[in-house]
Amino acid sequence: MNNIINFMGIRLMNYTMSEAIDSIVDKANRRSSTAVAFINADCVNKFNNLKYYKSLKYMDYIFADGIGIKIASMIFGNSVRDNVNGTDMFPFLLERCEQCDLSVYFYGADEKTVNKLVMNLSEQYKELDIVGHHSGYTEKNDEAKLIKTIQEKKPQIIFVAKGAPLQEEWMSQNRDHFPDSVMIGVGGLFDFYSGRIKRAPKILRLVKLEWLYRLYCEPTRLWRRYILGNPIFLLRVIYHKLFGGKNEV
Ligand code: UDP
């Protein structure tokens, strides 16, 4: 089976969750410079942002996050094997990090959230080697200092949680600074695992309606993303199917 799908010009790795975790752990074990992103329907709506679209070309692994990408792939004649999203991957990946003694760094979200995240994870994963953390609201002037700090800590995995497109742009701009690390863009994940925002009940996740719960929790911030974004995404996919567009991989 072909493990790479051309998704509107983006190389999508058609992995199962466990294959994706194995690949990340393998790269981290070998200290091989790697950038990882997840794309969902909202990310596709940002493809017009050329800086973002180009930054995705610098990613080594892009995984299919959510039902939107699955449906779109079907429309394009491909079958996505699994929903490989960062939020579901995170606990399994951390377990493997613990077992394999991989060091991790957390960069993103506001100060209080990232502090709470690290507190929770230190309690839950007693053997996890957390080498540092930093809020994602860095002043441009402080960037160089932050990069130097992370370099000194030499994490094998850097979780970057600044949301798309910021995190992908940050990873593509800075990957040369971290030749020994795997960087993973994980969006709002720190908000969930810090407990700041509750994840949707399992039943909603099973019926692929997690987005509805997120909308219910943060309507002011997210109504555009989902109420306008979902139909726009579908129209975009249908347009692409009919008229083509970005096809290079
Ligand atoms: N964020 C950040 N720095 C910024 C802007 C956003 O660290 O300059 C964080 C924000 O606090 C939140 C995450 O990035 O934790 C974005 O969450 P969102 O749910 O929008 O991301 P998604 O998962 O949808 O990409």
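The values are calculated or read from the model by the stated rules, or taken from the named source; none is laboratory data. Please read these numbers as outputs of a predicted model, since none were measured by experiment. Cβ sites come from the backbone with ideal geometry, for glycine too, and all protein chains shown count toward neighbours. Ligands, DNA and RNA are excluded from the accessible area calculation, which covers all protein heavy atoms including side chains. Shrake-Rupley method; radii C 1.70, N 1.55, O 1.52, S 1.80 Å.
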Two-decimal ratio, the chain, of alpha-carbon radius of gyration to 2.2 N^0.38 Å = 0.98
PRE zone check, label point 7 Å out along Cα-to-Cβ of LEU228, amide N under 14 Å, scope the range 187-222, hits 220-222
Let me see the pair-distance distribution of the range 25-143: every alpha carbon pair, 10 Å bin width, integer percents in order.
-> 11, 32, 38, 17, 2
Excluding residues fewer than 8 places away in the same chain, name every one of the lysines whose C-alpha is closer than 19 Å to that of LYS57.
-> LYS27, LYS46, LYS162, LYS246
So the angle from the long Cα axis of helix 143-153 to the longest Cα principal axis of the chain, reported in degrees to the nearest 10, equals 60
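Ordering TRP223, TRP170, TRP211 by how much accessible area each has at a 1.4 Å probe, largest first, what is the list?
Values: TRP223 105, TRP170 10, TRP211 80 Å².
Reading off the accessible areas and sorting them downward yields TRP223, TRP211, TRP170.
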For the range 45-190, averaging the sequence separation of alpha carbon pairs under 8 Å that lie six or more residues apart and dividing by its residue count, the contact order in percent is 25
If each Cα of the range 75-191 is one equal point scatterer, what is log10 of I(q)/I(0) from the Debye formula at q = 0.22, 0.23 Å⁻¹?
-> -1.36, -1.48
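Looking only at Cα atoms, what is the convex hull volume of the range 15-84 per residue, in Å³? Walk me through the numbers on the way to the answer.
Numbers: hull volume 5.7 nm³, N = 70.
Given the Cα convex hull of the range 15-84, per-residue volume reads 82 Å³.
What share of Cα pairs, in percent, lie more than 18 angstrom apart in the range 173-220?
Working: 540 of 1128 pairs.
Value for the range 173-220: 48 percent of Cα pairs lie more than 18 Å apart.
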Zone of LYS57's modelled label, taken as backbone nitrogen in the range 28-49 under 18 Å from a point 7 Å along Cα→Cβ | 35-37, 44, 46-49
With each pseudo-label sitting 7 Å past Cα toward Cβ, what's the TYR213-ASP176 distance in nm, one decimal?
-> 4.3
Size of the range 167-249 along its principal axes in angstrom, Cα-based, largest extent first?
-> 43, 40, 25
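Before rounding to the nearest 500, sum -39500 (n - 2.57) across all DSSP H runs of length at least 4 in the chain and divide by the residue total; then give [θ] at 222 nm in deg cm²/dmol.
Numbers: 13 runs with 121 residues, N = 249.
My calculation for the chain gives -14000 deg cm²/dmol from helical runs alone.
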With labels modelled as points extended 7 Å from the Cα through the Cβ direction, what inter-label distance (nm, one decimal) is found for GLN99 paired with ARG30?
-> 2.0
